[in-house]
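Quick notes on the structure that follows.
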Amino acid sequence: MPDSRSRVPILLVLVGVLLGVVAVTGALSSDDEAPAAPAVPASQASALDQLVYNAQETLRRNPDDAALWARLGAAYVEQARISGDPSYYAKAQGALDRSMEIEPDGNGEALIGMGQLANARHDFAAARSYGEQARTLRPATPEVYGVLADAYTQLGDADAATAAVQSMLDVRPGLASFTRASYDLELHGRNDDARAALDRALGVAISPDDIAFCRYYLGELAWNSGDVEEAATQYDAGLEAAPQNVALLQGRAKVAAAQGRVDEALAGYETITTRAPLPQYLLEYGELLEAAGRAPEALAQYEVLAVQQQLYAAQGSTDDQVAALVAADHGDPAEALRLARAEWERRESIFSADALAWALHVNGRDAEALPYAERAASLGGANASYAFHRGMILAALGHRDDALAALNQALTTNPHFNPLQAPVARATVASLESGS
C-alpha cells in the first residue's frame, strides 16, 4: 500500500521538552481540569507513556500551562500512531484546544501540535495552514518544518517539502531532521543519499526507541529495494534495542513471508495486529492470508480493517487514498473510484495519483488512468506498487513493450512487494513475453 507515513515520530521531538517535567503527586479537586492519569511505574512504562504521565501530573498542579498542554496534545497524537487507537485524537484535540484557550495569541506550540494532529488525521491542507502560522511565530523551531514537510509532501508540493526539510536541517541538524531528509530523498529516488541520512540519524540516536526507529527505516529502504537479507539485518538489529517494537516485528514478519516461512509470518502478523490494529498491518495480514489460500480468515481481517477505518473516520481521520486501494483490490470498483476521486480533489500528490490511476484501471478506464500513473512516477522514486499499477494499465492498453518495462521494474525493485500482486506481475510478464 502507498506510504503516507511521516518518517519522524513526534516522540523524537517531545523527549527533550518533556523529560524535564517533574512528576508530582496529590489528589485533584473536582474543579481541576487536567486529565486523570493512572500511575505508571517508571520500570514498566514506555518512554512516551512516562512523558505523558509526567505532563499530566504537572498539569494537575499547574493547569494553566499553555505550552505543556500543547506538548501533551502532541504526545497523544504519537500515542495514536503507535497504538492504532484513534481515540487519542480526541484527547489531543482537547489538550490543544485547552492550550489555545489559555494562550489564544502567539501560541506557536499549540499551532505546531494542531499541525501534527491535522497531518495525523490526513487533513493536510489544515496542517499546512497551522504550520505556516507557526513558522511566523517560531521560525527557529524545527518541529514547525516537520509539520510543513509532511503537509507539503502529501499535498503534492514536492519543492516546498524539500525546502521545509532543508530548513529543518538548517535549524537543527539532528536525528529528527536527518530522518525526514531521508524520506524526502527516497521519494526522489536518491536511495544512497537517503541511506546516508539515516546512517547519520543512527549515529546520533541514543535511546532504544530512537535506535529502533532508525533501524526500521534502514530496513524499509532495503526492503523497498528488494534486498531482503539487508532488511532482515536491520530489523533484527532494531529488535535488539527494542524487542517489543511493533514496526520491527512487522518487518520481521515480511521477511519471513519473503523467505517462504509463511506460517511464521502469519503468526507474527497475528501478534502485531492484536497489539496494534493499524490499517496497514490489517491489510498486509489479510493479503498474506489470502495468498496462503485462507480466504475466510483473510475476509475476517478485511472486515476488521473496515471497522478500524470507521473508527478513524469517527475521530476525524479520513484516508480515502488507502480506502480506495482496498476497495479496488478487494472487489468494489465503483467505490474505489469514488474514494480515489475524492482524495484527488483534496490533494494532487503522487500518492493520490496512484490511487486514482488504479481505481480507473479496475473500472476499465485505462486511457484515463495512464496520465495519473505517470504522475505517480514523476518524482523518480522506485516504488514497486506504483510500477505494477502502471504496468498493468499499459498492458490493458496494448502497449506491450512499455508494460513489460514497468512490470519488470516492479519485480526488480522489490519482487516481494505484495503477496497477491507480485504473482500477477510475474504471470503478466510471462504472458506478454509469450505473446499470449
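Of the helices (runs of 4 or more DSSP H) entirely within region 106-173, those holding at least 2 residues that are of a type outside the set (A, V, I, L, M, F, W, C) and either on the phi > 0 side of the Ramachandran plot or touching a Gly at 6+ places or on another chain (Cβ under 9 Å) (or both) occupy 108-120, 124-137, 142-155. Residue 395 falls short of the stated requirement of being assigned by TED's automatic domain parsing to the domain that holds residue 339, among the hydrophobic types (A, V, I, L, M, F, W, C), crowded, with 20+ Cβ neighbours inside 10 Å and in contact with a Phe, Trp or Tyr (Cβ under 9 Å, 6 or more places away or on another chain).
Just to be sure before I move on: is residue 351 among the aromatic types (Phe, Trp, Tyr) and under 28 Å from residue 260 (Cβ atoms) in the structure I sent? No, not satisfied.
Test of understanding: among 186, 229, which residue is more than 15 Å from the chain's Cα centre (by Cα) and either outside the structural domain of residue 386 (by TED's automatic domain parsing) or within 24 Å of residue 379 (Cα to Cα) (or both)? When all the criteria are applied, what remains is 229. Residues that are charged (D, E, K, R) and within 12 Å of residue 315 (Cα to Cα) within region 53-95 comprise 85, 91, listed in sequence order.
The selection criterion, being part of a helix (DSSP H, G or I) and buried (at least 24 other Cβ atoms within 10 Å of the Cβ), does not hold for residue 405.
Exactly one residue out of 194, 161 is assigned by TED's automatic domain parsing to the domain that holds residue 73 and of a type in the set (A, V, I, L, M, F, W, C): that is 161. Out of 73, 106, one residue alone is surrounded by fewer than 18 Cβ atoms within 10 Å (Cβ to Cβ), closer than 20 Å to residue 142 by Cα and assigned by TED's automatic domain parsing to the domain that holds residue 150. It is 106.
The values are calculated or read from the model by the stated rules, or taken from the named source; none is laboratory data. Given the structure is predicted, the values throughout are model-derived calculations rather than measurements. Note that each Cβ is placed from the backbone with ideal geometry, even for glycine, and that neighbours are counted across all protein chains shown.
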